[in-house]
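What follows is calculated from the coordinates using simple rules that are stated; it is not laboratory data. Bear in mind the structure is a predicted one, so any value in this text is a computation, not a measurement. Methodologically, a virtual Cβ is constructed for each residue, glycine included, from the backbone with ideal geometry; neighbour enumeration extends over all protein chains shown.
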Amino acid sequence: MKKNMTNPKTKSSTASGAKPGTQFGTNVVKQPLALVLLAALAVGTAGVTLYSPSSTAADEKKPAATPALTVSTTRPQQATLPLRLTANGNVAAWQEASLGSESNGLRLTEVRVNVGDVVKKGQVLAVFSADTVNADVAQAKAALAEARANAAEAQANAKRARAVQASGALSEQQVSQYLTAEQTANARIESARAALASQQLRQKYTQVVAPDSGVISARSATVGSVVGAGTELFRMIRQGRLEWRAEVTAAELKNIRIGGTVTVKAANGSELKGKVRMIAPTIDPQTRSALVYVDLPPDTRSNAPFKAGMYASGHFELGTSGALTLPQPAVVVRDGFPYVFRLNADSRVSQLKVQTGRRMGDRIEILSGVGDGMQVVQNGAGFLNDGDLVRVANAGPAAAATSPAANQRAAN
């Protein structure tokens, strides 16, 4: 009889109804299942916590949105602004005088003025050598004296011929010769006088004098040079008067009147008040603009702010008119366009594009885009964006009526 060699531990496991090796496998399967159940329980608990009444109450107690900026507001106002027409143009001399030599072949011995000098009418500007001219004058005077002596003899002969003409002592031919000689002698006197006057005129031309008061603007005279007749020696601005030649389009000419006031501003910042003297009768076919001549006050100082040839801008005063205006800080320029920020009832701002016009001091004319009673942001507008929530610092009765939300927050 064989002995039972079965292990006691194995036997007891078998007796209990479990197969060998099954206990370890069962434990491995049960552990993941427990983890899954615990995860599901945690998710359920979190869901209950998320949707619990206490969580909803916490959300309701969250603070409202914070205003982006504290601003002040204003409303458009009616104002009277001047009507102005702006133009550009050159400053030029009212009239220029060209001063030159009227004698031919004379040497320039003295130049008494220079560029920028203020001269008066009749003042000597330059002197030519008069030696040759003085000799010619002396010769002309001698010729005149000779003609007068010949004329005196001829007149005496003619007088005697008339005395004996009735007696017949002289023939008619001889009497006629004496009378003709008298007339010829008188004519020679006139010729000699004219020659003397011509030489005296040449003598006068040895001095170049100013034909009018003004300012010397150019000089080409050089001491020692021999110049011909008509050669320019100086150029002068008559009476020191300048004019502004404004370029104005044809459509704008109808608004300009003769005698109207004009403010001209030079490149160096100097300003002068002028008056419209004349409007050009023609329009340039290339630029389609016309010139308006504006007289400027005369200024003969060497350091006068306005100079001939200077480019200047200016505006014509055309009267006044009413306009809707806003303070300058209320208008913000972005991307080359002007904007304002309207304050809405919910204390948020809306960016509105506007069209601007004239300026006077710190006020800007608003042509379109803003209503008469609209409340807009004044101080702080440059830091806002469309839709920003703001706090109004200067909220008066009108602002409070426009912004009930702000009033509710203030009450809380």
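Listed by chain and number, the aspartates and glutamates whose alpha-carbon sits under 15 Å from that of Lys254, ignoring those within fewer than 8 places in the same chain, are Glu317.
Straight-distance candidates among the aspartates and glutamates for linking to Lys307, with alpha-carbon spacing under 17 Å and chain neighbours fewer than 8 residues away dropped: Glu96, Asp117, Glu243, Glu271, Asp295, Asp299.
Can you divide the C-alpha Rg of segment 131-204 by 2.2 N^0.38 Å and report the result to two decimal places? Write out the running numbers ahead of the final one.
Working: Rg = 16.7 Å, N = 74, 2.2 N^0.38 = 11.3 Å.
Ratio of Rg to 2.2 N^0.38 Å for segment 131-204: 1.48.
In order along segment 120-135, the Karplus-derived 3J(HN,Hα) couplings, from 6.51 cos²θ - 1.76 cosθ + 1.60 at θ = phi - 60°, round to 10, 4, x, 6, 6, 9, 8, 10, 9, 5, 10, 4, 5, 5, 4, 5 Hz, and Gly and Pro are given as x. Taking a sphere under 10 Å around the Cβ of Ala126 and counting the other residues whose Cβ falls inside, with K and R at +1 and D and E at -1, yields a net charge of +1. Relative contact order for segment 140-235: 30 percent, from Cα pairs under 8 Å spaced at least 6 residues apart, divided by residue count. Under 18 Å of direct C-alpha separation, and excluding same-chain neighbours fewer than eight residues apart, Lys204 reaches these aspartates and glutamates: Glu102, Glu110, Asp131, Asp136, Asp212, Glu232. Computed from the C-beta positions of Gln177 and Ser225 and an R0 of 56 Å, the FRET efficiency is 0.55 to the nearest 0.05.
Please give the charge dipole size of segment 131-204, origin at the Cα centre, charges +1 on K and R Cβ atoms and -1 on D and E Cβ atoms. Round to the nearest 20 debye. Mind showing how you got there, number by number?
On the way: 9 positive and 7 negative charges, 40 e Å.
In total the dipole reaches around 200 debye.
Each Lys or Arg adds one and each Asp or Glu takes one away; over the other residues whose Cβ falls under 12 Å from the Cβ of Val331, this sums to +2. Spatial offset of segment 213-245 relative to segment 256-335 amounts to 29 Å, using the alpha carbon center of each. Within the shell of other residues whose beta carbon sits under 12 angstrom from the beta carbon of Ala147, the net charge comes to +1, with Lys and Arg scored +1 and Asp and Glu -1. For Val71, the amide hydrogen comes within under 5 Å of the amide hydrogens of Arg391, Val392, Ala393, counting only partners 5 or more places away or on other chains and with H modelled in the peptide plane. Whole-Hz Karplus values for segment 110-119 come out as 7, 10, 9, 10, 9, 5, x, 6, 8, 10 Hz, taken residue by residue from phi with 6.51 cos²θ - 1.76 cosθ + 1.60 and θ = phi - 60°; glycine and proline positions read x.
For Thr109, Thr73, Thr86, the sequence from fewest to most other C-beta atoms within 10 Å is Thr86, Thr109, Thr73.
Nothing charged except the Cβ atoms of Lys and Arg (+1) and of Asp and Glu (-1): what's the magnitude of the dipole of segment 273-398 about its Cα centre? Round to the nearest 20 debye. Let's see the in-between values first.
On the way: 14 positive and 11 negative charges, 64 e Å.
Roughly 300 debye for segment 273-398.
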